[in-house]
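Here is the structure we will look at, set down as structure tokens.
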Amino acid sequence: VQSMRVQQTITTKDKLSLFNDSKTNTTATFHSSPLHSRQISTAKCPPPPSSSTPSAYLRRVAAVTFFPKQQTDPLHSPANPPLMMMMGICWMHLFLLEMASLLVEMKAHPVYGTGEKAKDPIFGLAMGGSSQASTDVFRWFCVESGNVDKPSVLLIHGFPSQAYSYRKVLPMLSKDYHAIAFDWLGFGYSDKPQPKYGFDYTLDEFVSALESVIDELGVNKVSLVVQGYFAPIVVKYASNHQEKLNDLILLNPPLTAKHANLPSTLAIFSNFLLGEIFSQDPLRASDKALTSCGPYKMKEDDAMVYRRPYLTSGSSGFALNAISRSMKKELKKYVEEMRKILMDDDWKVKTSICWGQRDRWLDFDGVEDFCKAAKHRLVELPMAGHHVQEDSGEELGSILAGLISRKVRI
């Protein structure tokens, strides 16, 4: 790997093109933050091989990582051995190569809290650097693919998951759209502040955080695609910003009263003591959560991408435990509010619902009736489960492109 290090100060209105690579059809863009200057570290390599397996990409890695000003480079952090951290960066960027996308670290949503050092968990690994809230705004792992001058589509993962889940969808959309995916705070490779140290993982906070992200991206109009239990959060944001939306597409959202209760696989993470223990277990927190809700058969290479945050720091488990408690407490109210919003005569955003018929967490009963009553389009995917983008990524990508372009026929 040929490495190239660049240092550049980003001002308020800058949008810096870091590099353009015609061989990989990769264009790097940088959305600036009015509160920050940034130190940028990049590395690039020749185009990836034809094989699409993560292990093949490990041999030809391109990493684009961003660190905030005065932040210690994690490759040389005493808490993270260089080899382990490099392997993590490799895993984190495998799918970027496959779809010729760009990784950027985006900064959005102000930090609230005491600024004190987060405490290590009783069970599990020590807290990582991402659990220590910075003094101003949080860091978000973000992937962009396609031409920034084309209509924007924001892909929002569910609970629990990562932007990685859209690795098969992004290439399908990048041909005609500017496709963006990110990891929520507390998930994947975004910051994971310990509760009471800057972010408490309430559903209202997630709504506010989403608003910060979309504002930071600087898009005038956007189509939102959201999967699973984060759908009510996105709908609440959308209800206050209909003028910013072209389309809203929900993937297996909790639409009925029975959907308002978390499945046992997720609810267990909210339990006192037992939830704190299980949320620190990578196999329960990633593997089981992804494979117990549908037909998804996770390959070991993919599993390592999902496991890595839990293998390197206790902060991922803390975040999972906190969001599970918030979901258990607040989800019912949010589902009821989402139903009212989507059925209200004042709701003007074109809305579609894509449903994986093999979802083991959310029953299909009542979904079709709701869509008919609310006059929203329903698209069924017979071979997909709860995580539609994992089970039928290419099919979903094609459906999304058609729905957004208004050319789909169902």
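The values are calculated or read from the model by the stated rules, or taken from the named source; none is laboratory data. Worth saying up front: this structure is predicted, and the values here are computed from it rather than measured. Note: ideal-geometry Cβ built from the backbone for every residue, glycine included; neighbour counts use all protein chains shown. Only protein heavy atoms, including side chains, enter the accessible area calculation; ligands, DNA and RNA are left aside. Shrake-Rupley method; radii C 1.70, N 1.55, O 1.52, S 1.80 Å.
How large is ³J(HN,Hα), in whole Hz, for each residue of segment 365-373 in order, when computed from phi with the Karplus curve 6.51 cos²θ - 1.76 cosθ + 1.60 and θ = phi - 60°, using x for Gly and Pro?
In residue order, the calculated couplings are 4, x, 5, 5, 5, 5, 5, 5, 5 Hz.
Would you kindly derive the ³J(HN,Hα) couplings of segment 207-218 from the backbone phi angles with the Karplus curve 6.51 cos²θ - 1.76 cosθ + 1.60 (θ = phi - 60°), listing them in order in whole Hz, with x for Gly and Pro?
Going residue by residue, I get 4, 5, 5, 4, 4, 5, 5, 5, 5, 5, 5, x Hz, with x marking Gly and Pro.
Sort Met338, Met304 from largest to smallest accessible area, using a 1.4 Å probe on the heavy atoms of the protein chains.
I get Met304, Met338, largest accessible area first.
7 Å from Cα along Cα→Cβ at both Asp365 and Leu311: what's the point-to-point distance in nm?
About 4.1 nm separates the two model spin labels.
Could you tell me which of the pairs Lys196/Lys244; Lys196/Lys258; Lys258/Lys340; Lys332/Lys375 are separated by over 25 angstrom between their Cα atoms in the structure shown?
Cα-Cα > 25 Å for Lys196/Lys244; Lys196/Lys258; rest within.
Place a +1 charge on the Cβ of each Lys and Arg in segment 272-339 and a -1 charge on the Cβ of each Asp and Glu, then give the dipole magnitude about the Cα centre in debye, rounded to the nearest 20.
220 debye
Once both labels are modelled 7 Å past Cα along the beta-carbon direction, what's the Gln357-Asn147 spacing in nm?
Modelled inter-label distance: 3.8 nm.
Calculate one ³J(HN,Hα) per residue across segment 137-145 by plugging θ = phi - 60° into the Karplus curve 6.51 cos²θ - 1.76 cosθ + 1.60, and present them in order as whole Hz with x for glycine and proline.
10, 7, 9, 10, 6, 9, 10, 10, 9
Probe of 1.4 angstrom, ligands and nucleic acids ignored: what's the accessible area per residue over segment 243-375, in square angstrom?
About 44 Å² of surface per residue is accessible.
Which peptide among 138-148, 269-279 comes first, and what is the full order, when sorted by highest mean count of other Cβ atoms within 10 Å?
By packing density, highest mean first, the sequence is 138-148, 269-279.
Could you tell me the center-to-center distance, by alpha carbons, between segment 346-410 and segment 156-219 in angstrom?
Segment 346-410 and segment 156-219 have Cα centres spaced 20 Å from each other.
At 0.36 nm per residue, minus the direct Cα-Cα distance, what do Lys350 and Glu300 gain on full extension? Give it in nm, one decimal, please.
Extending this stretch completely gives an extra 14.2 nm.
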